[in-house]
Amino acid sequence: GLSLVQYSYSATFRMRFPLLYAAFYLASLLLESIRMLTQKKMVEAQQLYRYLYAHDALTELFNRHGFNERMNQLFFENTRNLALIILDIDHFKDVNDRYGHPVGDDVLKSVGLALASHVGARGSVCRWGGEEFAVLIPACGNAEAEAGALLDVVRAQRIPVGDEFVSVTASVGGARTPAAASITAAQLVNAADGCLYQAKKRGRNQTFCCEV
């Protein structure tokens, strides 16, 4: 029966067969390399998208999306004594009008970097929107002290513009969840926003804090 599966191959075929085999092997190797490279690029693009989705392009801090996700995580973990502090740079429009928007951007970047450096791993810092920043600190013992320290950080900034320096102040509102209570993230945000309004109403460049 071996005669049924044994063939007499020509010398030309026997010479070409290894070459064809090598060609198919190299083509397969090339396709696999392209597939792996494409997959790597897709993973990198997904990581970049996730970063851009959660971070502000100017300051590289959390944006509202990323910050809200972090806040929701802390509420899901039932974190106690969670402080939310919102800072609004006072009269920021005057900075843009006098020095131009590029200097205004430098102010925002300088303030954001300083806030993030001050808070460190203790909490999360967000560009809340426009000239507003938000800071989330779990297990906060004294929200009023934290707010005062953050205000001092803003006041300490000196942004060089030619032969002079730009300095700013901020209105700061803070709210903290009590040690044992059932509230929502929206209630905490509303409370901190209300405290910020009180700080502005009382003359700006100051803090106002409360417990939810």
Hey, ASP105 free of Cβ contacts under 8 Å to residues at least 60 places away in the same chain, part of a helix (DSSP H, G or I) and closer than 30 Å to ALA175 by Cβ or not
yes
Check ALA11, ALA23, ALA27, ALA57 and return the single one that is of a type in the set (A, V, I, L, M, F, W, C) and under 30 Å from VAL135 (Cβ atoms).
ALA57
Only one residue in PHE75, PHE13, PHE67 is over 20 Å from THR169 (Cα atoms) and loosely packed, with under 14 Cβ neighbours inside 10 Å. Which one?
PHE13
Which ones in the range 79-102 are of a type outside the set (Asp, Glu), within 15 Å of PHE165 (Cα to Cα), free of Cβ contacts under 8 Å to residues at least 40 places away in the same chain and not in a loop (DSSP other than H, G, I, E, B)?
ASN96, ARG98, PRO102
Sort out which residues of the range 100-125 are open to solvent by less than 10 Å² (accessible area, probe 1.4 Å) and under 19 Å from THR177 (Cα atoms), and write them in order of number.
VAL119
Please verify whether the range 82-95 includes one or more residues that are at pLDDT below 95 and of a type in the set (Lys, Arg).
no
Anything in the range 92-150 that is closer than 24 Å to ARG80 by Cα and either basic (Lys, Arg) or in contact with a Pro (Cβ under 7 Å, 6 or more places away or on another chain) (or both)? List them, or say none.
ARG122, GLY123, ARG127
Scan the range 133-175 for residues that are open to solvent by less than 40 Å² (accessible area, probe 1.4 Å) and part of a strand (DSSP E or B) and report the count.
14
Within the range 176-192, of all residues that are over 22 Å from GLY112 (Cβ atoms) and surrounded by 24 or more Cβ atoms within 10 Å (Cβ to Cβ), the one modelled with the lowest pLDDT is THR177
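The values are calculated or read from the model by the stated rules, or taken from the named source; none is laboratory data. Bear in mind the structure is a predicted one, so any value in this text is a computation, not a measurement. Heads up, the Cβs are rebuilt from the backbone with ideal geometry, glycines too, and the neighbour counts pull from every protein chain shown. Side chains included, ligands, DNA and RNA excluded: accessible areas come from the protein's heavy atoms. Shrake-Rupley method; radii C 1.70, N 1.55, O 1.52, S 1.80 Å.
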